[in-house]
Amino acid sequence: MSTARTTQIFAASTLYGAVTLAAAIDSGCFGTAARRILLVTHNAPVPETAPSFDEAEGFDRIRDRFDEVVSWNETISPLHPGGWTPRGQDVPMLQRHLHKLWKLDGRTELVLESIQVTPALAIATLLPEAVITVYADGLMSYGPTRNKIDPLIGGRATRLLHLDLVPGLRPLLLGEFGAVPETVPVEAFTKAVAELAGSDAPAPAGEAPALLLGQYLAALHLMTAAEEEELHLSMVRGAVARGHRRLVFKPHPTAPDSWTAALAEEAARLGADLSVETRPVLAEVLYRELRPALVVGCFSTALMTAATFYGLPVARVGTRELLQRLTPFQNSNRIPLTVVDAVVPPLTPDPEDEEPVTDAARLDDLVAAVGFAMQPNIRPDLREAAVRHLSGPYAERTRHHFTRRRLTVLDLPGGLPVPRHPRVRRLARRALRLRKALKK
C-alpha cells in the first residue's frame, strides 16, 4: 500500500481518535511511509477557549507514532474548521499552497474521520490525488453515511477502519462506495490506552466504584439541560439501588458544574458517596485505574469499550425515551442509541425490556433495518433486510426503534395501511408531509 516516498496524513479531532490511530499504526494497518503527519483539528465552537487534545495529559506518550504534528486550525486561520470549505475557484491555489506548506512531493494518503462533514471534506477536496482511509468515530460507524458524498471523494475511500465494539456487527458507513471494513485489533487499542495512562495502574483501595458517564446531550439538542440533569440523577439512584455506595461521575468537559453538585447531594441523601473525575482523561483510562464494578451511561461508545474490551458490567439509562423523541428520523445518533438499547441491559429493570440481544445476525438485521429507514436513498440495498426484520419474529420486540409514520412513508411492514388507489395514496402521503411540517 505504501512506498518509500509516501506521506501519510492522519486527521484527528479527539484524543480517542488519536489513540485509535496509534493502535492502527502499531498493528500494521498502514504499512510503511516516509513521513507521517498528525493533522490536529480543534472543532470546539471557540477553539481559543479550550485546549486542543494534543495538549492533553499523556498525549506525548503516543506522539512518537508521528513525524510531525500540524494544526489545521492554524493552517486555515482565522477560519473555523467546522464551518469552512474551499470555494471552487480557490481550490487550485489552495492545493498548491498545501503541497508547498507540508512538502508533499510524492504519493499522499489521507486518513480521515467523519468524511461526510467538514473539516474532513475540506481536506479531501484540497488533496484530490490522495487515496482515503476513513477511521470510524465509535458507534456511529455502524450507521449509514449521514449525507450524500460527492463520488469524487467517496469513491476514493477504499477502507473503513473501526474498533470491533460489537463483535459480529457490520458497519454500514460508506457501504454505498464499497469501502472495505477492517478492524483495529483490540489488543493494540488497549495497549495504546495503557501507554497513554502512563505506568501500570495500582490496585484501587476499598470498594470498587460504579462509574457514571455523562455525555452533555443538551449541547446536541437531544434534551433540555434540566432533563439531562434528571437523567444523571437517575444514574445515581439506579446505582445506589443496586447496592453501590461509592460512585464516580465523569462529566462531559463542557457540562455545567451545577450538575455535579446536585448529583453529590442526591448520593449523600441516599447514603452513598459521589466524587467527580475532573481530569480530561479518556473513560478507558479510568477503567484501568478504577476497575469499576459497574459502568453506567446513556449511549456513549465508552459503554461498549467497557463491556467488550475490558470485560466490565455495564448498564444503560434513557435510551427508550430518546429513541421515541429523536428527530429527524435520520439523526445520526439513532444507530448508537439502537445498538446500546439492544445489547446493554437497563440499569433499572423494566417489565417491557427484552433480554439483551446476543445473536449477531439478529442485531445485524435490526441495524440494517434502522439504517435503511434512516437513509433509504443512500442505502436502497438495505431494503430487503429491513423487510425481513420487520416481517420477522422479532419485529414487535424492536418496534420502538421505528415510527409508524416512517414505516408508512417507506411502505415497510408495520406502517399504517394506505389505500391502493394511486391518487388516494398521493393524498395520504401529502397529508403525512403536511402534518410533519406543522409539527416543526
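Values quoted throughout were computed directly from the atomic coordinates according to the rules given, and no laboratory measurement underlies them. For clarity, every value in this text was computed on a predicted model and none was experimentally measured. Every residue, glycine as well, gets a Cβ built from its backbone with ideal geometry; the counts of neighbours run over all protein chains shown.
Pairs of alpha-carbon atoms within less than 8 angstrom and 6+ residues apart define the contacts here; what relative contact order does segment 316-373 have, in percent? It comes to 38 percent, rounded to a whole number. Direction-averaged projected area, Cα convex hull, segment 210-317: 6.0 nm², rounded to one decimal.
Amide H contacts under 5 Å for residue 249: 212, 275, 276, 277, restricted to partners 5 or more places along the chain or on a different chain, H placed in the peptide plane at 1.01 Å from N.
Based on Cβ point charges of +1 for Lys and Arg and -1 for Asp and Glu, what charge dipole magnitude is obtained for segment 221-286 about its Cα centre, in debye rounded to the nearest 20?
Details: 7 positive and 10 negative charges, 73 e Å.
Dipole of segment 221-286, to the nearest 20 debye: 360 debye.
Let me have the relative contact order for segment 42-132, percent, based on Cα pairs under 8 Å that are six or more residues apart.
Details: 59 pairs, mean separation 24.0, N = 91.
Worked out over segment 42-132, it gives 26 percent.
May I ask you to derive the relative contact order of the chain, considering only C-alpha pairs under 8 Å and at least 6 residues apart, and to give it as an integer percent? Walk me through the numbers before you get to the answer.
Details: 710 pairs, mean separation 54.0, N = 440.
So the answer I get is 12 percent.
Here the Debye sum runs over all C-alpha atoms of the chain as equal scatterers in vacuum, and log10 of I(q)/I(0) at q = 0.13 Å⁻¹ comes out as -1.27.
The simple Förster model, with R0 at 35 Å and r as the Cβ-Cβ distance, assigns residue 278 and residue 391 a FRET efficiency of 0.10. Counting every alpha-carbon pair across segment 36-183, the share separated by more than 20 Å comes to 53%. Using the empirical formula 2.2 N^0.38 Å as the baseline, the Cα radius of gyration of segment 121-213 reaches a ratio of 1.45.
Arranged from fewest to most other beta-carbon atoms within 10 Å of their beta carbon, 258, 141 become 258, 141.
Given +1 at the Cβ of Lys and Arg, -1 at the Cβ of Asp and Glu and no other charges, the dipole of the chain around its Cα centre is 2440 debye to the nearest 20.
Placing +1 on the Cβ of each Lys and Arg and -1 on the Cβ of each Asp and Glu in segment 7-197, which of 19, 70, 97 has its Cα farthest towards the positive end of the resulting dipole? Highest projection toward the positive end goes to 97.
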